[in-house]
Each structure stands twice: as structure tokens, then as C-alpha cells.
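Any read-out appearing in this document is the output of simple, stated calculations on the displayed coordinates, not a laboratory observation. A quick note: this is a predicted structure, and the numbers were derived from the prediction, not measured. Every residue, glycine among them, receives a Cβ derived from its backbone with ideal geometry; neighbour counts consider all protein chains shown.
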Amino acid sequence: MDKKAELVALQHQLALLQQAMGRQQQSTILVLEGPDAAGKGGIIRRIGWCLDPRWLHVWPISAPDAAEQQQHWLQRFWQRVPARGHFAIFDRSWYGRVLVERVEGFCPPAAWQRAYQQINQFEQCLLDEGIKLVKIWLDISEQEQLQRFRQRFEDPAKGWKLTAEDLRNRARWQDYQTARSEMLQHTSTKDAPWHLIDANQKQQARLDCFNLLLTQLRPGVDLTTPPQPEFLRQFFADTE
């Protein structure tokens, strides 16, 4: 089976799993983090193509707005916690506190240092409420990132993806790698571990993400197909 066909099969499995979780009122949060151009958007699109959009929410996280800056820094994430049976994807997340906010100096050292414990407590609250949490870090090399930036620059259809902020962040590659390592050290816990995926090969990374999601979400889910309602069986019996 080639990679495209394998992905289609995995998408079908994830769709059935989402339906079962929805019936059983089980919620999911997927956190996707990684360097710019690591492939987060491509993975999110392929998840979105196969899941029921009525129960799927994608939250692209950027800098807090003026109102959010006056709130506790975690408040905007609490407001995006999914309802029972829903599936939420965070395209970047609360981890910005110990990544971009740390590296770019948007918060003082004391704030991002205590954020590790706050994050762990926040995630434990989610788990205690029965929400399934999957955290994925997409790893790419510095050379691969440069190649993807070049492809965006040369392709008019993708040029909008390349911003001055991307280039600024790349100039601080090592600072971000240091922040990443410390983040993994402090927030990869027994109940909410980080899953590192080599994203240098896009197709394989997508397969790895789908396989990981299926592995992490299946436990505790009854995948038995419920019987069809009597009124449906009677309707189609009458049309034969």
C-alpha cells in the first residue's frame, strides 16, 4: 500500500473513532507544536477532511489581543476547551508561554519559569475531567526549514505563508531549540507526555501523526457499531 492509500485508510479509521467518541461523549484535545514550516497546517487539513466538522474545532493561536492581555494568560485557553464529544485542535497552544514569549522577551523570566507548573496543573485538570490530550511536537532540521521557506518564496500560491516573523524566528533558531528542550523536560509528564515526530518527510510525518492519534485515542472507546434504529430499518424494508 502506498502512502496516499495508507493515509486514506487511516482517515477512515479516525472518522469512525470520532463518531464513537461523540456517541460516548468523550472529548479530545490535540496540541500541535513545532518550528515554522514543520507541517502543522498540512496535518490539520488532513484531519479536517475526514472528521465531522460539526464536532471539530481548530484554534490557530497567535499573540493575545488587548482584552486577553488583561486576563490570566491561561484564560483564553480555558475558553476553548471542547464540549463533551467534541474534538479540538490547537495549532500552537499554551506552550507559547515557554517558547515564543520566553525567547522574544514578551514576558519576564519569572513568568515563563512558573508557567511549567501551571501548564502541568492545567493539563491535569483536563485529564481529570476525562478529556483525552495528545501533544505532538513536529521536529524538522534547520536545513529542511530553509528549503521549505525557499519553496514558499518561489511559489506564488504559497508565498503568503512566509512572513517577516518567520525569518525573525529563524534567526533565533538555537534559542528556540533551547526553549524546546527545557519545555519537553518540564512538561512531558506520565499522564500527558510529549510525542516527538520526525517531520522532515511530510508524507511519513502525516502517517505517523494519524497512527499516533489512533493509538492514543482508542483505549476506553467502545468501537462497536450501534444497531440501526427500528424506524430506519422499517423505512428501507418498505422501499424494497
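Worth pointing out:
- Taking the alpha carbon gyration tensor of the chain, multiplying each eigenvalue by 5 and rooting it gives semi-axes of 34, 23, 16 Å, largest first.
- In terms of the mean number of neighbouring beta-carbon atoms within 10 Å, the peptides 123-135, 219-231 order highest first as 123-135, 219-231.
- Estimated distance in nm for a label pair at residue 25 and residue 155, the labels positioned 7 Å out from Cα along Cα-to-Cβ: 4.4 nm
- Estimated dipole of the range 3-238 in Debye, rounded to 20 [Cβ of Lys and Arg +1, of Asp and Glu -1, Cα centre]: 300 debye
- A crude spin-label estimate for the pair residue 110 and residue 70, with each label 7 Å from Cα along the Cβ direction, gives 2.4 nm.
- Per-residue ³J(HN,Hα) for the range 201-211, Karplus 6.51 cos²θ - 1.76 cosθ + 1.60, θ = phi - 60°, Hz, x for Gly and Pro: 10, 4, 4, 5, 4, 5, 4, 4, 5, 5, 4
- Note on the range 148-240: semi-axes of the ellipsoid equivalent to its C-alpha gyration tensor, largest first and rounded to whole Å, are 44, 25, 11.
- Residue ranges 155-167, 174-186, 85-97 sort as 85-97, 174-186, 155-167 when ordered by packing (mean number of other C-beta atoms within 10 Å per residue, highest first).
- Furthest towards positive pole of dipole, 143, 192, 179, structure part the chain, Cβ charges: 143
- Using R0 = 30 Å, the C-beta based FRET efficiency linking residue 224 and residue 3 works out to 0.50.
- Peptides 18-31, 68-81 ranked from most to least packed give 18-31, 68-81, packing being the mean of other C-beta atoms within 10 angstrom over each peptide's residues.
- Working note: Cα gyration tensor of the range 1-143, eigenvalues times five, square-rooted, sorted largest first, giving semi-axes of 28, 20, 12 Å.
- Of the residues 25, 209, 55, the one whose Cα sits farthest towards the positive end of the charge dipole of the chain is 209 (charges of +1 on Lys and Arg Cβ, -1 on Asp and Glu Cβ, taken about the Cα centre).
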